[in-house]
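> Have a look at this one before I ask anything.
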Amino acid sequence: MIVIVSNHTSEARMGEIVSYIEGKGLQAHISKGTDRTVIGIIGTVEPPMAEHLRQLHGVENVVKISKSYKLASRDFHPADTVIEIGDVRIGGGELVVMGGPCAVESAEQIDEIARLVKSAGGQILRGGAFKPRTGPYSFQGVGVEGLIMMAEAGRKHGLLTITEVMTPEYVDVCAEYADILQVGTRNMQNFDLLRKLGETNRPVLLKRGFSSTYDEWLNAAEYILAGGNPNVMLCERGIRTFEGYTRNTLDLSAIPVMKSLTHLPVISDPSHGTGRRELVEPMTKASVAAGADGLIIEMHTDPDNSMTGDGVQSLFPDQFARLLKELEQLAPLCGSTFATAKEPASAFESWKK
Ligand code: PEP
Ligand code: MN
């Protein structure tokens, strides 16, 4: 249920409405818009109570929300959520680019890639220290050491960092070293993990499960929001379809659909979404055109020898830099802005194929 209140209503009156709701043992979440304030109610509102709310002075309307997720929905929170971390704003109209390797492999590797991400104009360094591998004998990541290496590289080159956390037990240590915590596709419905992430104050990037519906995805986000962490962004990373040419099918429709159903920022991952390097550039541009608030792109200095199988979908550094330069021109045509660093292209000369 949402209660719509005119912004001409006094603070005192608003307080009385909220007290009435809370007095019934329900939760009230306030979202202030330019003309109206929406009070979202969590809990069951019986018809007599709805009727009473409708009669209260200042209340314009009382509307039943049938969706199972509440805090994640635009009905509850009409304005876009903007996640601010340092001087980076995610969801505020400025395109955000996260770049880096699939996995942190060594201190030298992540340091050099961080330098290149920064030179190209990226704001956030990605890299997995804990890798969710399909088989148990594959490289599983370098663990906590990798978190330390990445934090160091991020600090040195002026980048925020994002890394995947796979289990509730590792949330605290990942939150200690990384600025953003990533929930991978395989863990989208790991409810214990989501609950634990609700208790942290670190922003969370929630990848879509590769077989999950929009509704399931938003309910997964709801777990984190309901736990008290409002800083959640969604990431479309491709779903499993009958098509085998691409690793996954990047569901571009998910971007505008999510932008309409929820106020949370939406990020696109064209690397896992396609699994093919040559498709990363067109699908990045398509994602921006579809309204994405940001991108998470794999980039590697030696993709052929990367320690995960994801080298085939990783851009070479100069491709990454060229792509970001092009986004500078594309973004304004699509309603966002993006500014690459004013580094000379020569920073990438040695990486040209
Ligand atoms: C990753 O970002 O490296 C990753 C494992 O992603 P996903 O969970 O989308 O497969
Ligand atoms: Mn990967």
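> Largest first and to the nearest Å, give the Cα extent of the chain along each principal axis.
So the three principal-axis extents are 70, 43, 42 Å.
> In Å and from the alpha-carbon atoms only, list the Rg and Dmax of region 38-185.
Radius of gyration, then largest Cα-Cα span, for region 38-185: 21.4, 66 Å.
> Size of region 178-232 along its principal axes in angstrom, Cα-based, largest extent first?
Sorted from largest, the Cα extents of region 178-232 read 28, 21, 16 Å.
> Just the number, please: Stokes-Einstein D of region 2-63 in µm²/s, Kirkwood Rh from C-alpha pairs, 20 °C, 1.002 mPa s.
Taking Rh from Cα pairs, D becomes 188 µm²/s.
> So if R0 is 56 Å, what FRET efficiency would Arg155 and Gln55 give, r being the distance between their Cβ atoms, rounded to the nearest 0.05?
E(calc), rounded to 0.05, equals 0.50.
> Could you sort the peptides 236-246, 69-79 by per-residue average Cβ neighbour count (10 Å cutoff), highest mean leading?
69-79, 236-246
> May I have the convex hull volume per residue, in Å³, for the Cα set of region 147-305?
123
> Next up: Hey, in the GNM for the chain with a 10 angstrom Cα cutoff, which one of Tyr20, Tyr137, Tyr170 fluctuates hardest?
Its mean-square fluctuation being the largest, the pick is Tyr137.
> If Lys and Arg each add +1 and Asp and Glu each add -1, what is the summed charge of the other residues whose beta carbon sits under 12 Å from the beta carbon of Thr9?
Result for the local shell: -1.
> Right, next: Report the Cα centroid-to-centroid distance between region 26-40 and region 130-201 in angstrom, as an integer.
33
None of the figures in this text is laboratory data; all of them are computed from the coordinates on show. Values in this document were obtained by computation on a predicted structure and should not be read as measured data. Glycine also receives a Cβ, built like all others from the backbone with ideal geometry; neighbour counts cover every protein chain displayed.
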